[in-house]
Amino acid sequence: MELRAIVESLHARYAHAIDDDRLEDWPALFTEDGKYRIATAENEARGLPIPILSAEGRGMLRDRVASLRNANIYEPQRYRHLISSTIIEKVNDKKYKSTSNFLVVRIMQDGTALLFASGRYLDLIVVGKQTLFEERVVVCDSRRFDTLLAIPL
């Protein structure tokens, strides 16, 4: 149960960093060489390597946040994450695989809210002094996004 609490705390810190617009905190939830990838369920099932978005290492994650803050132009919006049904499997004494379902509601500046994305997180998590994502693969149920995928899922 302690391991579950540790893993679910990492999931919560991830969701709150994004939902509270503290995107600068987001890269620190990954190991220095951590990987983040967004893929569709269809491509993932077929073993197709082309992701919607991919970043390798905190440097690339920080660059993603910097571009969101300074270069990208998109309509102001917020997300609200719901994460559930976490399954945890031991890889070794320090690494665990985690699979969770997610829903992301997108809230626009005018208050309009809609289900933006659903899917599952496939994670490789390092548990130690700090618990961090070594890899997070966001597998979206749909291959269609009605707007620029600006904010991390």
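The values are calculated or read from the model by the stated rules, or taken from the named source; none is laboratory data. Owing to the predicted nature of the structure, the values given are computational and were not obtained by experimental measurement. When we count neighbours, we look across all protein chains shown, and the Cβ atoms used for this are built from the backbone with ideal geometry, even at glycine. Areas reflect the complete protein model, heavy atoms only, side chains present, ligands, DNA and RNA absent. Shrake-Rupley method; radii C 1.70, N 1.55, O 1.52, S 1.80 Å.
Shape of the stretch 1-73 from its Cα gyration tensor (a ≥ b ≥ c, root eigenvalues): rounded if a/c is under 1.5, otherwise prolate when a/b > b/c, or oblate? It would help to have the intermediate numbers written out before the result.
On the way: a/c = 1.82, a/b = 1.06, b/c = 1.72.
Because a/c hits 1.5 or more and a/b fails to exceed b/c, the stretch 1-73 counts as oblate.
Pop out the Kirkwood hydrodynamic radius of the stretch 24-153 from its pairwise C-alpha distances, inverse of mean 1/r, in Å to one decimal. Before the final figure, lay out the partial values.
On the way: mean 1/r = 0.0639 Å⁻¹.
Mean inverse Cα-Cα distance, inverted, gives 15.6 Å.
Kindly sort LEU61, LEU114 by accessible area of their heavy atoms, largest first, with the probe set to 1.4 Å. Don't skip to the answer; put the middle values down first.
Details: LEU61 0, LEU114 60 Å².
Per-residue accessible area, sorted high to low, gives LEU114, LEU61.
Per residue, how much accessible surface does the chain expose to a 1.4 Å probe? Answer in Å², no decimals.
Numbers: 8500 Å² over 153 residues.
For the chain, the solvent-accessible area averages 56 Å² per residue.
Taking the protein heavy atoms of the stretch 1-137 in the context of the full set of protein chains, the accessible area attributed to carbon and sulfur is 51 percent at 1.4 Å. Across the chain, the longest run free of exposed loop sites, meaning trypsin sites (Lys or Arg not before Pro) lying outside DSSP classes H, G, I, E and B with no more than 13 other Cβ atoms within 10 Å, spans 23-93.
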